[in-house]
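Have a look at the structure below before the remarks.
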Amino acid sequence: MILLFRAFLGRSLALQRRYFTDYALGLLVKVFFFTAILYASQGSPERPVYVAGFLLWYLAAHLLARMANFFLEEAYLGTLARLLASAHPVAAIVAALSLAELLMALPWVAALGFYAWLSGVSLAGFGLGALGAGLLALMGVWGLGLALLAASLRYKQVGSFTEMLTFYLLLFSGFFVSGEKLPLAVRVVNALNPLYQTVMALSGRGVVGLLAVTAFWLLVGGAVLAYGYRWAKRTGRLLEY
């Protein structure tokens, strides 16, 4: 597991250096969003919540995008067969990939947090409870990512859906628009939204919903990926791009 983690981390660093312009432009788009949130929330007592919500979303979006496209990218590069033929189980490969990608995103999250601090926003009021809720939310997002990874074996356009999903999570998770103001249909969908359940936990409504949603996505994502992987091997679709 440690060797896998180091390998994925080294590869991600190499890709960032090789395609730095692409990474920089993607980051710049997120900085635009973040700057708009900072200025639009001036004078609001919820400003630290908006900032913390965006930082959590950044990690979630980065993780989902990488997981959903992992099999497709490896198949396109012609490295998927070699990777799956290694002694490491698929679960270990996906876990190592996910940890490496989260670690790669942390410096950018820290930079955005520093930017917020320079703009007069302090996150010091968030304690260990908020940190625990954020970690639970990321575990739930990881389970959702497993489901998207499984979907990529059958539906090659899953990357486009994932991009739409990440912006849904940004705008309708409850960090920026109060849950009570959201349409009924969105509130129903948000019952399975880890980030929305994080908002509910941080607002003092308990962590039961967040725990339940996290467990749901871990179980469903794991089961769907196991089934989809077996189906892809049986039908010969595993190595297709």
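None of the figures in this text is laboratory data; all of them are computed from the coordinates on show. The shown structure was predicted, so the numbers you read here are calculated from the model rather than taken from an experiment. Note: ideal-geometry Cβ built from the backbone for every residue, glycine included; neighbour counts use all protein chains shown.
Per DSSP helix of 4 or more residues, -39500 (n - 2.57); summed, then divided by the residues of the chain. What does that give at 222 nm, rounded to the nearest 500?
On the way: 11 runs with 183 residues, N = 241.
That comes out to -25500 deg cm²/dmol.
The length gained by stretching the chain between ARG11 and ALA110 to full extension, at 0.36 nm per residue less their Cα-Cα distance, is 33.5 nm.
Taking 0.36 nm per residue of sequence separation and removing the Cα-Cα distance, the LEU128/THR21 pair yields an extension gain of 34.9 nm.
Helix 47-68 and the longest principal axis of the Cα set of the chain meet at an angle near 10°.
Separation of the stretch 166-188 and the stretch 194-241, taken as the distance between their Cα centroids, equals 19 angstrom.
Can you put VAL109, VAL51, VAL224 in order of Cβ neighbours within 10 angstrom, beginning with the fewest? Write down the numbers at each step before the final one.
On the way: VAL109 16, VAL51 25, VAL224 19.
With the sparsest Cβ surroundings first, the list reads VAL109, VAL224, VAL51.
With coordinates expressed along the principal axes, the C-alpha atoms belonging to the stretch 2-235 extend over 56, 38, 31 Å, beginning with the largest.
Each of VAL177, LEU138, LEU97 was placed along the dipole of the stretch 2-235 (beta-carbon charges, centred on the mean Cα), and the one lying farthest toward the positive end is LEU97.
Between helix 158-172 and the chain there is an angle of about 10 degrees, using the helix long axis and the longest principal axis of the Cα atoms.
For trypsin sites (Lys or Arg not before Pro), the sites in the stretch 126-194 that DSSP calls loop and that have at most 16 other Cβ atoms within 10 Å are ARG154, LYS156. Taking a point 7 Å out from the Cα of TRP117 in the direction of its Cβ, the residues of the stretch 29-56 whose backbone N falls within less than 16 Å of it are 48, 51-52, 55. Against the main long axis of the alpha-carbon atoms of the chain, helix 20-40 sits at an angle near 20°. Roughly how far apart, in whole Å, are the Cα centres of the stretch 87-107 and the stretch 53-78? Spelled out, the Cα-based centre of one part sits 11 Å from the other. Hey, got a sec? Which chymotrypsin sites (Phe, Trp or Tyr not before Pro) in the stretch 1-77 land in a DSSP loop and have at most 16 other Cβ atoms within 10 Å? Sparse-neighbourhood loop chymotrypsin sites (Phe, Trp or Tyr not before Pro): TYR19.
Assign unit charges at the C-beta atoms only (+1 for Lys and Arg, -1 for Asp and Glu), then state the dipole size of the stretch 2-235 relative to its Cα centre in Debye, rounded to the nearest 20. Before the final figure, lay out each step's value.
Details: 16 positive and 7 negative charges, 110 e Å.
Dipole magnitude for the stretch 2-235 comes out near 540 debye.
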